[in-house]
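In what follows, a structure is listed as C-alpha cells, so that the remarks can point back to it.
The values are calculated or read from the model by the stated rules, or taken from the named source; none is laboratory data. Keep in mind the model is a prediction, meaning the values are calculated, not measured. Methodologically, a virtual Cβ is constructed for each residue, glycine included, from the backbone with ideal geometry; neighbour enumeration extends over all protein chains shown.
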Amino acid sequence: MTNEEDIVWHETTVDRVSREARLGQRGVVVWFTGLSGCGKSTVANELDRQLNDLSHATMLLDGDNIRHGLCAPPAKLEPEHGAEFANRFGLGFGAIDREENIRRIGAVGALMASAGLITLTAFVSPYRQDRDRVRQIVEASGKAGDFIEVFVDTPLEICEARDPKGLYKKARAGEIKHFTGISDPYEAPEKPEIHLAGGDDRTPDQQAAEVLEVLKTRGILG
Ligand SMILES: Nc1ncnc2c1ncn2[C@@H]1O[C@H](COP(=O)(O)OS(=O)(=O)O)[C@@H](OP(=O)(O)O)[C@H]1O
Ligand SMILES: Nc1ncnc2c1ncn2[C@@H]1O[C@H](COP(=O)(O)OP(=O)(O)O)[C@@H](O)[C@H]1O
C-alpha cells in the first residue's frame, strides 16, 4: 500500500497570486446546488455568459456533462475498461457515489480556482457534508471566501412540473431509484452565501445578475 507520507507536494514557480494578477480577478468556486430542474445549469450558464461578456476567465462544470467523462457511470466505462474497473470507479446516485462525485468535482474546482478562474459548478450535491468538504478543500488551497454557495431554491412542485428530461415522471413510476426530492433526500444549505428564490417570475438572466452583483461586491471581479 502507498503511504500518505510518500506522496510529497511539489511547489510550482508560477503561483496563484501571479496568475490572478495577470487575469485581474480572484479565482473562486461558485457552487450552484438544488433539486433537479431548479435552474442550476440555466442560471450558471447565463452567469458564465455575463462574465465572459465582461472579459473574465471562467469555466463551467455541469453535472450532466461531467457524468459523461470524469464521473461516468459504470455502464459507460465497462465496454472499454471491463466490469471490475467499471464497478470500482463508475459512479451512480447512491449516497457514497454522490460523495465521490462531489469530492472529484471539488478537487477539480479547487485546481481551477488556483489557476485564477472563476469556476462555476452546477451539481445537485444534495448532502451538506459533501458540500462543506468542498468548501474546506477550496478554502484550504486559497483563502476564506473562495467558495461561494448558491442555493437555487425552487420548490419541488415547480421542478416536477417543469420536468424537462422526464426524470420526475420516471422517478414517480419507480423507474429511477434514489431520485433527489422523490426517493432520496436533499439537505438544503443552512447559510448559503447566495439564496436564489426560484419559481417566481424572475428570468434566469435576472437571477444570474443577482449572483454577478455579489461577485462584484466581494471584489472577485478585480
Ligand atoms: N437519481 C437521480 N437523482 C438526481 N439526479 C439524477 C438522478 N438520476 C439521473 N439524474 C440526472 O443527473 C443529474 C444530477 O447529477 P449530479 O452529478 O449533479 O448529481 S449529484 O450532485 O451527484 O447528486 C441531474 O441533472 P439536473 O437535472 O441538471 O440536476 C439529472 O438529470
Ligand atoms: N428563472 C427561470 N424561470 C423559468 N424557467 C426556468 C428558470 N430557470 C430555469 N428554468 C427552466 O427550468 C428547467 C430546468 O432548468 P435547468 O437549468 O436544466 O435545471 P437544473 O440544472 O437545476 O436541473 C429548464 O427548462 C429551464 O429552461
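Determine if region 70-78 includes at least one residue that is within 30 Å of GLY24 (Cβ to Cβ) and acidic (Asp, Glu).
So in region 70-78, the residues within 30 Å of GLY24 (Cβ to Cβ) come out as 70.
Still in the list and also acidic (Asp, Glu): none.
Checked against the condition, which is being within 30 Å of GLY24 (Cβ to Cβ) and acidic (Asp, Glu), region 70-78 yields no hits at all.
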**Request:** Give region 185-205 a look and list any residue that's of a type in the set (A, V, I, L, M) and outside any loop (DSSP other than H, G, I, E, B), or say none.
**Result:** ILE194, LEU196, ALA197
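Starting from residues that are assigned to a loop (DSSP other than H, G, I, E, B) and farther than 19 Å from ARG103 by Cβ, keep the ones in region 49-76 and report whichever is farthest from ligand 1 (Cβ to nearest atom). Outline the logic, then answer.
Within region 49-76, the first condition is being assigned to a loop (DSSP other than H, G, I, E, B), and the residues that meet it are 54-57, 67-73.
Remaining after also requiring farther than 19 Å from ARG103 by Cβ: 54-57.
Numbers: LEU54: 26, SER55: 28, HIS56: 24, ALA57: 24 Å.
For region 49-76, the residue satisfying everything is SER55.
Residue-by-condition table, conditions (1) more than 16 Å from ligand 1 (Cβ to nearest atom); (2) among the hydroxyl-bearing types (Ser, Thr, Tyr); (3) surrounded by 14 or more Cβ atoms within 10 Å (Cβ to Cβ):
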residue	(1), (2), (3)
ARG131	no, no, yes
THR154	no, yes, yes
PRO164	no, no, no
ARG172	no, no, yes
GLU175	no, no, no
ILE182	no, no, yes
VAL214	yes, no, yes
**Asked** Which residues, taken from region 92-129, are of a type in the set (Ser, Thr, Tyr) and either more than 15 Å from ligand 1 (Cβ to nearest atom) or out of contact with any Lys or Arg (no Cβ under 7 Å at 6 or more places or on another chain) (or both)?
**Response** SER114, THR119, THR121
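Name the residue, out of GLU46, GLU84, that is more than 16 Å from GLU149 (Cα to Cα), part of a helix (DSSP H, G or I), free of Cβ contacts under 8 Å to residues at least 24 places away in the same chain and away from ligand 1 (no atom under 12 Å from the Cβ). Talk me through it step by step, then tell me what you get.
Working: GLU46 fails: free of Cβ contacts under 8 Å to residues at least 24 places away in the same chain.
Answer to the selection: GLU84.
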**Complete:** Restricted to region 22-43 and to residues being assigned to a strand (DSSP E or B) and within 16 Å of PHE151 (Cα to Cα), the residue farthest from ligand 2 (Cβ to nearest atom) is VAL29
**Asked** What are the residue pairs meeting all of these: first residue in region 53-66, first residue under 21 Å from SER36 (Cα atoms) and within 16 Å of ligand 2 (Cβ to nearest atom), second residue assigned to a strand (DSSP E or B) and at pLDDT below 95, Cβ atoms under 7 Å, and 6 or more apart or on different chains?
**Response** none
**Item:** Criterion violated by CYS71 - all others in (1) farther than 30 Å from ARG202 by Cβ; (2) away from ligand 2 (no atom under 16 Å from the Cβ); (3) of a type outside the set (Lys, Arg) satisfied
**Value:** (2)
**Item:** Residue pairs meeting the criteria (Cβ under 7 Å; at least 6 apart or on separate chains; first over 17 Å from GLY34 (Cα atoms), in region 196-213; second in a helix (DSSP H, G or I) and within 16 Å of ligand 1 (Cβ to nearest atom))
**Value:** ASP205/GLU46; LEU212/LEU47
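Within region 97-119, identify whether any single residue is modelled with pLDDT of 95 or more, within 16 Å of ligand 2 (Cβ to nearest atom) and not in a helix (DSSP H, G or I), and answer yes or no. If you could, list the steps in order and put the result at the bottom.
Filtering region 97-119 for residues modelled with pLDDT of 95 or more gives 97-119.
Next, only the ones that are within 16 Å of ligand 2 (Cβ to nearest atom) stay: 98, 101-102, 105.
With the extra rule that they be not in a helix (DSSP H, G or I), the set shrinks to none.
For region 97-119, residues modelled with pLDDT of 95 or more, within 16 Å of ligand 2 (Cβ to nearest atom) and not in a helix (DSSP H, G or I): absent.
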**Request:** Identify the residue in region 43-55 that is surrounded by fewer than 20 Cβ atoms within 10 Å (Cβ to Cβ) and of a type outside the set (D, E, K, R) and, among all such residues, is nearest to the chain's Cα centre (by Cα).
**Result:** ASN45
